[in-house]
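Notes follow once the structure below has been shown.
The values are calculated or read from the model by the stated rules, or taken from the named source; none is laboratory data. Note that this is a predicted model, so its numbers are computed, not measured. Every residue, glycine among them, receives a Cβ derived from its backbone with ideal geometry; neighbour counts consider all protein chains shown.
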Amino acid sequence: MQVSVVIPVHNGARFLAQTLRTLLNQTAPPAQIVVVDDGSDDDSAAVARGFGPAVEVIRGRFGGAAAARVAGVERTAGDALMFLDADDLLGMDVLEALGGVLARHPDAIACCDWMRYERIGRTWQARPASCPPRRPGQTPLQAWLTGWYHPPCAVLWSRAAYDRSGGWDPAVLVNNDGDVTMRALAAGVDLVQSARGTSYYRRLPDGAVSLSGRRFTADGLASRLAVLDRLSARLDGAGRADATRRALAEAYGNVAGDADAAGEARLAARAREGDARHGGTRAWDWRRRRADRLRRRDRVRLLQPVPSTGAVPSEPAAADAPPDPPRDGNPSPDAPRVSVVVPTYNRTALLERALASVLSQDVADIEILVIDDASTEDIAALLDRIGDPRIRHIRQPRNGGVAAARNRGMAEARAPLIAFLDSDDEWLAGKLSAQLRAMQDAGPRAGLCYTGLVEKGSDGASTVSIPTDRGDVWRQMMYRNVVHYGTSSTMVRRGAIEIVGGFDETLPAIEDYDFWTRIARFFAFEPVPEALMIYHDEAPAEGVPEDKRSRDFDANMAARRMFTDRYGDEAVRAGVLHLSHLDNARRHLESPAGHQRRAVVLLIKAIRRAPGAPRLYAWLAFALLPRPLRARVFPALARLRTRLPSRLWTGTDKA
């Protein structure tokens, strides 16, 4: 199936490259991408052209998104159409999943799950869809009229379905996507839900108001009424009005409530007339709508533009960095190939070892950003003694933790690729060059490259871990960190950072795991199957305070609970929430600081999710053993772990 994608844009250079990147990262990329620049004053057209022949650019003054989409459709050749806003994002398998639906239903509209995409602190995070769920027994048209919907980024049109809809209407000011979809549904087109794929509808940051916010203005309310009036007349003409009468009444009632909240009495009266015309005057309807109106008043206030205070943030945020060069060129002619971010706090001796391992790499075109997290030791003196001009010393004004230090480093970095090195770890020879080769071979779809590692413990023993997970690892990341201890093993593409933001500074631990997981939504992972860094896990000397976050068991588990809350709904859809519960239960059982009762509760939750997985019952039986007995049994299990596939130990298969 040949998919054509149309993207209207007006002054959308800030996010357009991100949208185009997630399109080109698809497991089944589109055959055609048409960007319609509707009179932009910014660099939107230049950003689109920077992707080369993969993106066709049309420029003109079309007078709005709907008219721009009409112009874009005229240039398309595909037998399926998708319409994206210039700030939407797609999970990597969206087009493959929706194309599979249309292959089975060639005259239909395919849709997939969608989520809001919001700026929260230094991060971009997915949040649940901002519409009510579809009610039992509702047809798609009835559901759409009563508030359930899918934005254009979650919809793939067959050419036949689009033609039956009549196409986009430039006269519709707001809800033009709802208008064209409801006209198609009213014409008898089927809407088929995909079991896979998730699209992301961005909620604009900084108080910006999108078209959805303008639906509460006088023009927006009038436009919504016109859409309902036309749809009602069309259904009457087709003899299908009775099936949707109640849903139409509710839709008119919703507009009436919004008009009341906005102080538009004339429009509210018109909407109530439409409500009454469709039999929606029953008392129980009005009681429900009165409660809805109270909620809408608050919603209207929240959607008003926020006046700028003119304040300047004290530190630049990673998400505000310059756009990623679309073809992986350098951001500027004099930029290095790789920026190495090294956060440190009072680790002068260890920092010197770490920096020596970077300076000995066989890649010279680098910059090294030492982010001094308000150390009390003299980091500057050490760097002066090393005396390498590629090292930049950046001191934080106050101690903010490793996540904040890494975010500062990413904001200051100039290279298209960013590598991380914790100041108590070290790289082995050839690490950077191996990753550069891997990233070049994998292409821009790879957003993160990671190597194997040597883990050194206090007893002098070393354990070697070699990575194997590659490609689309989104499902795995929801229940286990495929990067393991490898923050210092990773290299990340700047474009990935711009899409997902930085490390979450609010997490008490596993901020790296959360960061990698957000990258895995949109980018493939590329492993280098060699141990090319050393993770030092030695306990501190006597009298030296512990500063490794990974050793704080309670903080680690608290962060994992936050992680489960954040990704739990998506883990349910992917069928892996029970594996997340199992992984957390195993940590409780393995650690001397773990809690048996919490492990049992987690395993019971896992069994409820996957009652047909036998190993969950085996883990539950093990968890119920007294601690002394578990301590005697565990060494044998640990030895067995090295001989059996990891899925039997951690539960990482599909069961």
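For region 120-217, list the helices (runs of 4 or more DSSP H) that sit wholly inside it and hold at least 1 residues that are assigned by TED's automatic domain parsing to the domain that holds Ala68 and either over 27 Å from the mean Cα position of the chain (by Cα) or modelled with pLDDT of 95 or more (or both); which are they?
On the way: elements: 140-145, 159-165, 176-186, 211-214.
Here the list reads 140-145, 159-165, 176-186.
Could you give every pair whose Cβ atoms fall below 7 Å, whose first residue belongs to region 13-29 and is assigned by TED's automatic domain parsing to the domain that holds Asp472 and touching a residue at least 60 places away in the same chain (Cβ under 8 Å), and whose second residue is surrounded by fewer than 23 Cβ atoms within 10 Å (Cβ to Cβ) and among the small types (Gly, Ala, Ser), counting only separations of at least 6 or pairs across chains?
The qualifying pairs do not exist here.
For region 581-613, how many residues meet the condition of being of a type outside the set (D, E, K, R) and closer than 17 Å to Phe553 by Cα?
Within region 581-613, residues that are of a type outside the set (D, E, K, R) and closer than 17 Å to Phe553 by Cα number 14.
Please specify each residue of region 353-373 satisfying the condition of being part of a strand (DSSP E or B) and touching a residue at least 60 places away in the same chain (Cβ under 8 Å).
Residue satisfying the conditions is Ile366 alone.
For the subset of region 8-23 comprising residues that are among the hydrophobic types (A, V, I, L, M, F, W, C) and touching an Asp or Glu at 6+ places or on another chain (Cβ under 9 Å), which member is surrounded by the fewest Cβ atoms within 10 Å (Cβ to Cβ)?
If we take residues in region 8-23 being among the hydrophobic types (A, V, I, L, M, F, W, C) and touching an Asp or Glu at 6+ places or on another chain (Cβ under 9 Å), then Ala13 is surrounded by the fewest Cβ atoms within 10 Å (Cβ to Cβ).
Anything in region 131-166 that is aliphatic (A, V, I, L, M), in contact with a strand residue (DSSP E or B) (Cβ under 9 Å, 6 or more places away or on another chain) and within 17 Å of Gly78 (Cα to Cα)? List them, or say none.
Val155, Leu156, Ala161
Can you tell me how many residues within region 61-77 are buried (at least 17 other Cβ atoms within 10 Å of the Cβ) and not in a helix (DSSP H, G or I)?
3
How do the pairs read when you match residues in region 36-50 that are assigned by TED's automatic domain parsing to the domain that holds Pro8 and in contact (Cβ under 8 Å) with a residue 12 or more places away in the chain with residues anywhere that are buried (at least 24 other Cβ atoms within 10 Å of the Cβ) and hydroxyl-bearing (Ser, Thr, Tyr), using Cβ under 6 Å and keeping only pairs 6 or more apart or on different chains?
Close Cβ pairs (under 6 Å, with a partner that is buried (at least 24 other Cβ atoms within 10 Å of the Cβ) and hydroxyl-bearing (Ser, Thr, Tyr)) amount to Asp37/Ser44.
Listed here are the residues, each with its yes/no results for (1) charged (D, E, K, R); (2) modelled with pLDDT of 95 or more; (3) surrounded by fewer than 22 Cβ atoms within 10 Å (Cβ to Cβ).
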{"site": "Arg337", "(1), (2), (3)": "yes, yes, yes"}
{"site": "Val342", "(1), (2), (3)": "no, yes, no"}
{"site": "Asn346", "(1), (2), (3)": "no, no, yes"}
{"site": "Glu352", "(1), (2), (3)": "yes, yes, yes"}
{"site": "Ala356", "(1), (2), (3)": "no, yes, yes"}
{"site": "Leu359", "(1), (2), (3)": "no, yes, yes"}
{"site": "Asp365", "(1), (2), (3)": "yes, yes, yes"}
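Look at region 400-416 and say how many of its residues are touching a helix residue (DSSP H, G or I) at 6+ places or on another chain (Cβ under 9 Å), surrounded by fewer than 24 Cβ atoms within 10 Å (Cβ to Cβ) and not in a helix (DSSP H, G or I).
Here the count works out to 4.
Restricting to region 572-604, name every residue that is within 27 Å of Gly197 (Cβ to Cβ) and in a helix (DSSP H, G or I). I'd like the intermediate steps shown before the answer.
Narrowing region 572-604 to residues within 27 Å of Gly197 (Cβ to Cβ): 572-583.
Correct list: Val572, Arg573, Ala574, Leu577, His578, Leu579, Ser580, His581, Leu582, Asp583.
Kindly establish whether Pro416 is over 25 Å from Gly447 (Cβ atoms) and assigned by TED's automatic domain parsing to the domain that holds Pro508. Write out each step before concluding.
On the way: over 25 Å from Gly447 (Cβ atoms): no; assigned by TED's automatic domain parsing to the domain that holds Pro508: yes.
So Pro416 fails the test.
Pick from region 607-631 the residues that are of a type in the set (Gly, Ala, Ser) and part of a helix (DSSP H, G or I): which of them is modelled with the lowest pLDDT?
Step by step, filter region 607-631, then rank; the result is Ala631.
For region 109-131, state whether one or more residues are acidic (Asp, Glu) and buried (at least 23 other Cβ atoms within 10 Å of the Cβ).
No, that holds for no residue.
So which residues in region 449-465 are in a loop (DSSP other than H, G, I, E, B) and either closer than 22 Å to Leu417 by Cα or among the charged types (D, E, K, R) (or both)?
Passing the criteria: only Asp459.
Could you identify the single residue in Asn399, Asn407 that is in contact with a Phe, Trp or Tyr (Cβ under 7 Å, 6 or more places away or on another chain), in the same structural domain as Asp537 (by TED's automatic domain parsing), farther than 22 Å from Val492 by Cβ and touching a residue at least 24 places away in the same chain (Cβ under 8 Å)? So that I can check it myself, show each step before the final result.
Working: Asn407 fails: farther than 22 Å from Val492 by Cβ.
Only one candidate qualifies: Asn399.
Using the structure shown, decide if Thr146 is touching a residue at least 12 places away in the same chain (Cβ under 8 Å) and surrounded by 24 or more Cβ atoms within 10 Å (Cβ to Cβ).
So Thr146 does not fit the description; no.
Scan region 26-60 for residues that are in a loop (DSSP other than H, G, I, E, B) and out of contact with any Leu (no Cβ under 8 Å at 6 or more places or on another chain) and report the count. Working first, answer last.
Kept after step one, since they are in a loop (DSSP other than H, G, I, E, B), are these residues of region 26-60: 26-31, 39-43, 50-51, 55.
Of the ones still in play, those that are also out of contact with any Leu (no Cβ under 8 Å at 6 or more places or on another chain) are 31, 39-43, 50.
Number of matching residues: 7.
Taking region 376-399, which residues are closer than 30 Å to Ala446 by Cβ and either assigned to a loop (DSSP other than H, G, I, E, B) or polar (S, T, N, Q) (or both)?
Across region 376-399, the qualifying residues are Asp388, Arg390.
Scan Asp422, Asp441 and give me the residue that is over 18 Å from Tyr535 (Cα atoms) and outside any strand (DSSP E or B).
Values: Asp422 fails: over 18 Å from Tyr535 (Cα atoms).
Result: Asp441 is the single residue among Asp422, Asp441 that is over 18 Å from Tyr535 (Cα atoms) and outside any strand (DSSP E or B).
Does region 15-26 contain any residue that is aromatic (Phe, Trp, Tyr) and farther than 25 Å from Ala524 by Cα? Steps first, please.
Our first condition is that a residue be aromatic (Phe, Trp, Tyr); within region 15-26, this holds for 15.
Those left that are additionally farther than 25 Å from Ala524 by Cα: none.
No, because not a single residue in region 15-26 is aromatic (Phe, Trp, Tyr) and farther than 25 Å from Ala524 by Cα.
Mind listing whichever residues of region 221-269 are of a type outside the set (A, V, I, L, M, F, W, C) and outside any helix (DSSP H, G or I)?
Those that are of a type outside the set (A, V, I, L, M, F, W, C) and outside any helix (DSSP H, G or I): Gly239, Arg240, Gly263, Glu264.
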